[in-house]
Amino acid sequence: MTNNTPPVCNYEGSDYQTSFWDQGGRQYEDRSEAIALKRLLPKSGRLMLELGAGAGRNTPRYTGYERIVLLDYSRTQLEQAQQRLGASDKYIYVAADVYRLPFVDHLFDGATMIRVLHHMSDAPKALGQVKQVLGPGGTFVLEFANKLNIKAILRYWLGRQKWSPFTLEPVEFVELNFDFHPKAIFGWLKDLGFNIEKVLTVSHFRMGLLKRIVPTSILVFFDSIFQWTGAWFQLAPSVFVRAVTRDAISRNDNSFFFKCPECGNANLVDKINYLECPNCKSKWEFKDGIYDFRKSI
């Protein structure tokens, strides 16, 4: 029986990579995020889970990991990632719901979630799923949209915005788009059993006029300096966190990789074109190099 899960923001059929990143004037944000990731990622690792991988914009930046699982709810986004990255045993493509991850517990030693949490109406539940699949000492690099940013504070003080940037609850400014208070995020991570090792603030100069009149390289240079202020205060629109699991548990021995998101059974049977769960009889399609755990066939 399918568990009740929160709604999903589905990018199926979207040209998000092209319209937003490639042609959308986001070079400054992209390059600033690359710097933050380099500062937060471990130098090496065995198995990385990239949640909300989309078309694989960030995937080439995870150079230290032997294998990377690209997970997205949109199959078409994963197809674009395949085209971008090419055929390789290094990459595993999985279409699945973040709220129902199809992996055995404690499988990964690294995970990232960049520009994804702002679509989560139940952020603690999504973060709990990530925690469940990370092994002991696993590194989680999380980015979230910050409601406590300077622009939101000024708009609130000037009476141009009703919601307070100082309260801990998330704000949904459009459907399935949420900003979070840093203290709320930090609290959820700690409650789940993470130690927060480093915080960076990113995209300090995310203003259209500024990006038009100041060269991108200059904005990126100063953003790279201001990122370190995240250790003391978070006033930028984007916040990056490196958190590490602190549980005294054993890492999964990789005897199993996937589990059934319906019933949790890890003994899935490979039928070439699909994986079958002998427990609940669910069937999960494998087609054109993509595992699909969104709906049983």
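The values are calculated or read from the model by the stated rules, or taken from the named source; none is laboratory data. It should be emphasised that the depicted structure is a prediction, and the values quoted were computed from it without experimental measurement. Glycine gets a Cβ as well: all are built from the backbone with ideal geometry, and neighbour counts include every protein chain shown.
Structure values in brief
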{"read-out": "Criterion: buried (at least 17 other Cβ atoms within 10 Å of the Cβ) and within 20 Å of Leu154 (Cβ to Cβ) - qualifying residue of Val199, Val239, Val220", "value": "Val239"}
{"read-out": "Some residue of segment 88-95 being buried (at least 21 other Cβ atoms within 10 Å of the Cβ), among the hydrophobic types (A, V, I, L, M, F, W, C) and farther than 28 Å from Ser217 by Cβ", "value": "yes"}
{"read-out": "Lone unmet requirement of (1) part of a helix (DSSP H, G or I); (2) within 16 Å of Pro237 (Cα to Cα) for Trp188", "value": "(2)"}
{"read-out": "Residue in segment 214-228 that is touching a helix residue (DSSP H, G or I) at 6+ places or on another chain (Cβ under 6 Å) and not in a helix (DSSP H, G or I) present", "value": "no"}
{"read-out": "Flag for Asp292 being in contact (Cβ under 8 Å) with a residue 60 or more places away in the chain, farther than 25 Å from Arg39 by Cα, surrounded by 16 or more Cβ atoms within 10 Å (Cβ to Cβ) and acidic (Asp, Glu)", "value": "yes"}
{"read-out": "Residue ID - farthest from Leu70 (Cα to Cα), chosen from residues in segment 127-162 that are over 19 Å from the mean Cα position of the chain (by Cα) and touching a residue at least 12 places away in the same chain (Cβ under 8 Å)", "value": "Ile153"}
{"read-out": "Residue that is farther than 20 Å from Glu29 by Cβ and in a loop (DSSP other than H, G, I, E, B), where the choices are Arg206, Arg160", "value": "Arg160"}
{"read-out": "Enumeration of residues in segment 191-209 that are at pLDDT 95 or above, farther than 15 Å from Val239 by Cβ and of a type in the set (A, V, I, L, M)", "value": "Leu192"}
{"read-out": "Test for Tyr93: is it touching a strand residue (DSSP E or B) at 6+ places or on another chain (Cβ under 6 Å) and either assigned to a helix (DSSP H, G or I) or aromatic (Phe, Trp, Tyr) (or both)", "value": "yes"}
{"read-out": "Of residues in segment 141-157 being in contact with a Leu (Cβ under 6 Å, 6 or more places away or on another chain) and in a strand (DSSP E or B), the one surrounded by the most Cβ atoms within 10 Å (Cβ to Cβ)", "value": "Phe144"}
